[in-house]
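The values are calculated or read from the model by the stated rules, or taken from the named source; none is laboratory data. Because the structure is predicted, anything quoted here is derived from the model rather than measured. Counting neighbours? That spans all protein chains shown, and the Cβs are built from the backbone with ideal geometry, glycine included. For accessibility, only protein heavy atoms count, side chains too; no ligands or nucleic acids. Shrake-Rupley method; radii C 1.70, N 1.55, O 1.52, S 1.80 Å.
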Amino acid sequence: MSAASGRLSLKDGLRVASVGLRARRLRAALSALGIAIGTAAIVAVLGLSSSSQAGLLAEIDRLGTNMLTVEAGQTVTGQPVELPTEAPSRLTLLQDVQQVAHTGLIKGKGVYRSPIIPATQTGGLQVRAASLDLLTVLNTNVAEGSWLNPGTARVPVAVLGSVAAERLGIGAAFTGERVWLGGQWFDVVGVLESSPLAPDVDTSALIGYPAAKRYLGYLSLARGVRKAGPPSSIYVRADTDRVAATQPLLAPTANPREPDGVDVSQPSDALTARAAAAGAFNSLFLGLGVVALIVGAVGVANIMIISVLERRSEIGLRRALGATEGQIRMQFLTESILLAAIGGIAGVLAGIVATAVYASSKNWAIVVPVEAWAGGIASAILIGAAAGLLPAIRASRMSPTEALRTV
Amino acid sequence: MSGEPVLELDEVTKVYGEEPPVAALRGVSFSIRQGELAAIVGPSGSGKSTLLHIMGTLERPSSGTVRIRGIDAERLDDRELSLLRAREIGFVFQQFFLAEHATVRENVADGLLYAGVPAPERYRRADEALERVGLSDRATFKPTKISGGQRQRVAIARALVGSPAIVLADEPTGNLDSRTGASIMDLLRELGAAGSTIVMITHDASLADQLPRQIRILDGQVVSDSRGDHDLTVAESEPS
Ligand SMILES: Nc1ncnc2c1ncn2[C@@H]1O[C@H](COP(=O)(O)OP(=O)(O)OP(=O)(O)O)[C@@H](O)[C@H]1O
Ligand SMILES: [Mg+2]
């Protein structure tokens with residue numbers, strides 16, 4: 001007589017293991033819920049951080065990593081050093097530099113909704129003169145209206161950065177809107193989308209250099225000529241493969257007399273750092289997920305212990321019908337694993353849905369790492385096995401006659 | 001009746017607990033032959049259920065031997081003993097023990113679940129067994145939707161489904177009114193006449209008297225067996 005011939009088929013095994021769950025659906029659903037909540041939290045945290053990272057990386061990809069920023073800095077002693085007016089044209093001469101654009105911060109000028117607003121209430125907004133190729137170099141789009149052109153650069157018109165437009169309360173229907181700038185009205189002709197590579201642009205009202213010179217007196221002397229300027233930030237696009245080689249040349253080229261007074265940076269570095277930070281998941285929520293999972297595991301163990309006690313006569317009957325101790329143990333262990341796995345799968349689905357909803361609202365790619373969903377289901381199964389082990393052993397150790405005795 | 005012995009007990013004792021030890025069975029010997037229909041009768045606490053559990057290999061005796069179809073149960077491990085129960089022993093309990101969420105047919109078919117019989121075959125045999133107990137028309141019902149007598153018939157069909165060597169019934173009429181109980185007794189007699197080997201436990205002497213053989217026990221000992229002497233001789237002459 002071979003003992004193997006008494007083995008249950010997979011189908012029979014699953015049917016037997018799900019008897020208890022099918023008989024008490026609500027109870028099963030509630031105890032699976034704990035596992036589901038924990039798994040959903042973990043999957044959503046991992047999914048959201050991956051998706052937001054993917055979103056940032058996609059943006060970096062769009063913006064390009066070959067932009068370098070050259071800004072006016074300070075001397076070693078802390079004195080501000082202006083960039084020479086001719087710095088942009090000198091930088092253009094560098095071999096690996098493809099494009100150069102620049103803005104000049106006009107100090108002491110604010111942009112206001114109306115003349116009655118006190119000059120000190122700048123709202124954190126600045127006024128900048130901008131070269132006409134600025135948007136091309138920054139890869140920034142016009143949200144509404146149009147960008148400056150050689151004509152509008154000479155007249156009192158302004159284009160607002162995304163944050164500036166928002167703070168000034170100038171939205172989509174800005175036609176005819178004006179802003180009070182440097183003691184006179186400037187017509188708003190355009191609003192920009194956000195400019196992640198140059199956050200300063202977002203908080204600025206941008207006007208043409210000729211207009212800045214004419215209406216705001218923004219000029220400096222270069223080789224005896226009064227020219228609009230000087231620029232305070234120069235944006236340089238370099239050959240993608242030559243960025244590292246180009247970077248050290250920028251400061252001495254921009255300001256040969258005082259290269260130490262020039263700050264050179266690669267703004268995509270900051271974005272890359274932000275992406276890395278976004279990829280580092282929120283450990284508070286992750287911790288809460290783990291706690292929910294542990295509470296869920298205790299719930300499953302509790303339900304399984306109660307279930308074994310309640311189903312004594314079923315255990316006795318099965319033993320009388322020829323179930324081995326091992327088969328009884330397997331039945332309850334599988335039941336516990338099924339319970340937790342159902343919770344785990346539901347949780348993973350909920351986590352994916354949460355990630356999908358949030359990510360698509362932010363226009364990010366939906367990324368749920370394999371580790372998150374596979375790990376979620378795997379840990380649910382492990383939890384089910386751990387929570388069910390003791391009750392299953394108890395069930396199998398119960399003597400058949402004791403199990404059959406009705407009180 | 002000259003069938004082979006299917007169940008033999010030899011000097012079986014069962015002692016429960018340590019202090020004070022309770023001797024539930026004290027040297028019980030008898031054998032049941034193929035096709036026999038016997039009652040084990042005794043007052044409450046006399047050791048009937050203990051005896052049934054030992055006969056059914058659900059419990060091991062403290063001493064003595066139990067042989068099913070000549071196989072000494074003592075020598076089998078849990079897996080072998082379980083398979084022996086699955087194939088050779090059918091149980092009927094006072095409380096029926098039917099799965100409420102499964103149909104009558106599934107309940108009966110589950111009598112073969114642990115015997116290594118594939119599902120289609122189990123259901124085919126379940127239909128046969130239901131036919132034998134006269135419940136073919138209730139196959140798709142849930143046990144909660146049929147009467148107590150019908151439930152016990154389902155339990156009997158489940159015990160019979162694997163054509164076991166022996167069916168052990170513990171107070172099968174205990175939860176039924178006397179008329180329904182009588183019809184269950186009729187069924188057992190019918191099955192016995194058709195060749196099944198059935199041992200029924202009861203505290204009711206009048207029920208026991210309806211069966212061809214009565215084994216009376218009192219305080220864990222056989223006090224009379226309507227055909228005991230003969231069986232004991234057979235059991236002793238059997239090689240062990
Ligand atoms: N698990 C156990 N532990 C201790 N004593 C037990 C155990 N099982 C049975 N006994 C004792 O063994 C004796 C016989 O019990 P058993 O259940 O076999 O009697 P019974 O004849 O079936 O009685 P009833 O007709 O009331 O069901 C009783 O004295 C009982 O107290
Ligand atoms: Mg009893």
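Need the failing condition index for residue A:36 against (1) open to solvent by less than 30 Å² (accessible area, probe 1.4 Å); (2) in contact with a strand residue (DSSP E or B) (Cβ under 7 Å, 6 or more places away or on another chain), just the number.
It fails just one condition, (2).
Given the conditions (1) within 15 Å of residue A:203 (Cα to Cα); (2) in contact (Cβ under 8 Å) with a residue 24 or more places away in the chain; (3) out of contact with any Ser or Thr (no Cβ under 8 Å at 6 or more places or on another chain), and given that residue A:110 satisfies all but one, which numbered condition is not satisfied?
Looking at each condition in turn, residue A:110 falls short on (3).
Show the residue pairs meeting these rules: Cβ distance below 6 Å; 6+ apart or different chains; first residue within the range B:170-190 and farther than 11 Å from residue B:204 by Cβ; second residue within 13 Å of ligand 1 (Cβ to nearest atom) and aliphatic (A, V, I, L, M).
B:170/B:52; B:170/B:201
Looking at residue B:163, is it polar (S, T, N, Q), more than 16 Å from ligand 1 (Cβ to nearest atom) and under 14 Å from the mean Cα position of the chain (by Cα)? Break it down into steps so the answer makes sense when it comes.
On the way: polar (S, T, N, Q): yes; more than 16 Å from ligand 1 (Cβ to nearest atom): yes; under 14 Å from the mean Cα position of the chain (by Cα): yes.
In short, yes.
Only one residue in A:148, A:125, A:134 is in contact with a His (Cβ under 8 Å, 6 or more places away or on another chain) and at pLDDT 90 or above. Which one? I'd like the intermediate steps shown before the answer.
Values: A:148 fails: in contact with a His (Cβ under 8 Å, 6 or more places away or on another chain); A:125 fails: in contact with a His (Cβ under 8 Å, 6 or more places away or on another chain).
It is A:134.
For the range B:196-220, how many residues meet the condition of being within 16 Å of ligand 2 (Cβ to nearest atom), crowded, with 17+ Cβ neighbours inside 10 Å and away from chain A (no Cβ under 14 Å)? Write out each step before concluding.
Keep residues of the range B:196-220 that are within 16 Å of ligand 2 (Cβ to nearest atom), which gives B:199-205, B:207-208, B:215-220.
Applying the additional criterion that residues be crowded, with 17+ Cβ neighbours inside 10 Å yields B:199-202, B:207-208, B:215-217, B:220.
Next, only the ones that are away from chain A (no Cβ under 14 Å) stay: B:199-200, B:202, B:207-208, B:215-217, B:220.
Total meeting the criteria: 9.
Within the range B:140-159, identify whether any single residue is within 16 Å of ligand 2 (Cβ to nearest atom) and either within 14 Å of chain A (Cβ to nearest Cβ) or over 11 Å from residue B:90 (Cα atoms) (or both), and answer yes or no.
The first filter runs over the range B:140-159 and keeps only residues within 16 Å of ligand 2 (Cβ to nearest atom), leaving none.
No, that holds for no residue.
Could you say which residue among A:63, A:83 is closer than 30 Å to residue A:219 by Cβ and open to solvent by less than 10 Å² (accessible area, probe 1.4 Å)?
Values: A:63 fails: closer than 30 Å to residue A:219 by Cβ.
The unique qualifying residue is A:83.
So, in the range B:62-72, how many residues would count as being open to solvent by 10 Å² or more (accessible area, probe 1.4 Å) and either within 14 Å of chain A (Cβ to nearest Cβ) or more than 28 Å from residue A:323 (Cβ to Cβ) (or both)? Give the derivation first.
Going residue by residue through the range B:62-72, those that are open to solvent by 10 Å² or more (accessible area, probe 1.4 Å) are B:62-65, B:67, B:69-72.
Retained after the next criterion (residues that are either within 14 Å of chain A (Cβ to nearest Cβ) or more than 28 Å from residue A:323 (Cβ to Cβ) (or both)): B:62, B:69-72.
Looking only at that region, the number is 5.
Select from the range B:6-44 the residues that are open to solvent by less than 30 Å² (accessible area, probe 1.4 Å) and within 14 Å of chain A (Cβ to nearest Cβ) and write down the one among them that is nearest to ligand 2 (Cβ to nearest atom).
So, considering only residues that are open to solvent by less than 30 Å² (accessible area, probe 1.4 Å) and within 14 Å of chain A (Cβ to nearest Cβ), the one nearest to ligand 2 (Cβ to nearest atom) is B:24.
Which count do you get for residues in the range B:98-122 that are more than 10 Å from every other protein chain (Cβ to nearest Cβ), under 23 Å from residue B:145 (Cα atoms) and surrounded by fewer than 18 Cβ atoms within 10 Å (Cβ to Cβ)?
0
Out of B:193, B:159, B:169, which single residue is under 23 Å from residue B:68 (Cα atoms) and surrounded by fewer than 21 Cβ atoms within 10 Å (Cβ to Cβ)? Explain how you work it out, then say what you get.
Numbers: B:159 fails: surrounded by fewer than 21 Cβ atoms within 10 Å (Cβ to Cβ); B:169 fails: surrounded by fewer than 21 Cβ atoms within 10 Å (Cβ to Cβ).
Answer to the selection: B:193.
Which of (1) touching a residue at least 60 places away in the same chain (Cβ under 8 Å); (2) within 12 Å of chain A (Cβ to nearest Cβ) is the odd one out, the single condition residue B:81 does not satisfy?
All conditions pass for residue B:81, except number (1).
Which residue is surrounded by the fewest Cβ atoms within 10 Å (Cβ to Cβ), if the candidates are limited to the range B:45-61 and must be closer than 15 Å to residue B:89 by Cα and within 12 Å of ligand 1 (Cβ to nearest atom)?
Within the range B:45-61, the match that is surrounded by the fewest Cβ atoms within 10 Å (Cβ to Cβ) is B:59.
Being out of contact with any strand residue (DSSP E or B) (no Cβ under 9 Å at 6 or more places or on another chain), in contact (Cβ under 8 Å) with a residue 12 or more places away in the chain, open to solvent by 50 Å² or more (accessible area, probe 1.4 Å) and in a helix (DSSP H, G or I): is that true of residue A:319 here? Lay out the reasoning, then the answer.
Values: out of contact with any strand residue (DSSP E or B) (no Cβ under 9 Å at 6 or more places or on another chain): yes; in contact (Cβ under 8 Å) with a residue 12 or more places away in the chain: yes; open to solvent by 50 Å² or more (accessible area, probe 1.4 Å): no; in a helix (DSSP H, G or I): yes.
Answer is no for this residue.
Do the conditions hold for residue B:4, that is, is it away from ligand 1 (no atom under 16 Å from the Cβ), in contact with a Lys or Arg (Cβ under 7 Å, 6 or more places away or on another chain), modelled with pLDDT of 95 or more and closer than 22 Å to residue B:198 by Cβ?
Values: away from ligand 1 (no atom under 16 Å from the Cβ): yes; in contact with a Lys or Arg (Cβ under 7 Å, 6 or more places away or on another chain): yes; modelled with pLDDT of 95 or more: no; closer than 22 Å to residue B:198 by Cβ: yes.
Considered against the rule, which asks whether it is away from ligand 1 (no atom under 16 Å from the Cβ), in contact with a Lys or Arg (Cβ under 7 Å, 6 or more places away or on another chain), modelled with pLDDT of 95 or more and closer than 22 Å to residue B:198 by Cβ, residue B:4 comes out as no.
In the range A:46-60, what residues are open to solvent by less than 30 Å² (accessible area, probe 1.4 Å) and touching a Phe, Trp or Tyr at 6+ places or on another chain (Cβ under 7 Å)?
Going residue by residue through the range A:46-60, those that are open to solvent by less than 30 Å² (accessible area, probe 1.4 Å) are A:47, A:49-52, A:54-56, A:60.
Passing the criteria: A:49, A:51, A:52, A:54, A:55.
Please state which of the following conditions residue A:268 fails to meet, knowing it meets all the rest: (1) touching a Gly at 6+ places or on another chain (Cβ under 9 Å); (2) at pLDDT 85 or above.
Result: residue A:268 fails condition (2) only.
For the range A:39-79, enumerate the residues that are farther than 20 Å from residue A:232 by Cβ and of a type in the set (Asp, Glu).
A:59, A:61
Count, please, the residues in the range A:58-105 that happen to be in a loop (DSSP other than H, G, I, E, B) and polar (S, T, N, Q).
Kept after step one, since they are in a loop (DSSP other than H, G, I, E, B), are these residues of the range A:58-105: A:64-66, A:73, A:75-79, A:81-86, A:93-96.
With the extra rule that they be polar (S, T, N, Q), the set shrinks to A:65-66, A:75, A:77, A:79, A:85, A:95.
So the count comes out to 7.
Any idea which residue in the range A:369-382 is nearest to the other protein chains (Cβ to nearest Cβ), counting only those that are open to solvent by 30 Å² or more (accessible area, probe 1.4 Å) and hydrophobic (A, V, I, L, M, F, W, C)?
A:381
Determine which member of the set B:92, B:108 is within 16 Å of ligand 2 (Cβ to nearest atom) and β-branched (Val, Ile, Thr). So that I can check it myself, show each step before the final result.
On the way: B:108 fails: within 16 Å of ligand 2 (Cβ to nearest atom).
Only one candidate passes the filter, namely B:92.
In the range A:355-407, which residues are in contact with a Gly (Cβ under 6 Å, 6 or more places away or on another chain) and within 16 Å of ligand 2 (Cβ to nearest atom)?
Of everything in the range A:355-407, those that are in contact with a Gly (Cβ under 6 Å, 6 or more places away or on another chain) and within 16 Å of ligand 2 (Cβ to nearest atom) turn out to be A:400, A:403, A:404.
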